[in-house]
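Nothing in this text is a laboratory measurement; each read-out follows from the coordinates by a stated rule. Because the structure is a prediction, the values reported are computed rather than measured. Quick reminder, even Gly has a Cβ in these numbers, built from the backbone with ideal geometry, and neighbours come from all protein chains shown.
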Amino acid sequence: MTAIRVPLAAQPSQMLSIRLGQKSCRLKVYQKRTGLYLDAWVNDALVLAGALCRDRVWIVRSKANGFPGDLAFIDTQGRSDPEYTGLDARFQLLWEG
């Protein structure tokens with residue numbers, strides 16, 4: 001399976017709507033003092049809240065919640081956990097269905 005890059009902006013908080021695996025999804029990515037976090041909705045139902053984003057660690061990890069596939073951040077310049085200032089350039093969010 002091929003990973004697809006989810007487009008993000010270098011902003012401390014953002015919400016985007018995207019079609020993943022034939023499902024309508026919404027993702028909220030936001031920076032806190034303790035790290036970068038992600039919330040996810042499928043068809044307007046919240047399926048994941050307050051997930052801490054780490055480098056190369058799958059975020060969803062369970063098909064039981066209805067999210068199509070999984071998401072992970074990749075540090076393209078090393079092995080650091082993501083922070084908003086490097087989103088989409090250094091820290092890329094990938095989806096694999």
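When the stretch 78-93 is filtered for residues that are out of contact with any Leu (no Cβ under 9 Å at 6 or more places or on another chain) and among the polar types (S, T, N, Q), the ones remaining, listed by number, are S80, T85.
Table: residues versus (1) part of a strand (DSSP E or B); (2) touching a residue at least 40 places away in the same chain (Cβ under 8 Å); (3) of a type in the set (D, E).
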{"residue": "R26", "(1), (2), (3)": "yes, no, no"}
{"residue": "V29", "(1), (2), (3)": "yes, yes, no"}
{"residue": "V47", "(1), (2), (3)": "yes, no, no"}
{"residue": "W58", "(1), (2), (3)": "no, no, no"}
{"residue": "F67", "(1), (2), (3)": "no, yes, no"}
{"residue": "L71", "(1), (2), (3)": "yes, yes, no"}
{"residue": "I74", "(1), (2), (3)": "yes, no, no"}
{"residue": "D81", "(1), (2), (3)": "no, yes, yes"}
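A single entry from V57, V29 fulfils the requirement of being surrounded by fewer than 17 Cβ atoms within 10 Å (Cβ to Cβ) and out of contact with any Lys or Arg (no Cβ under 8 Å at 6 or more places or on another chain): V57. For the stretch 83-96, the set of residues classified as surrounded by 13 or more Cβ atoms within 10 Å (Cβ to Cβ) and either assigned to a strand (DSSP E or B) or not basic (K, R) (or both) consists of E83, Y84, G86, L87, D88, F91, Q92, L93, L94, W95, E96, listed by residue number.
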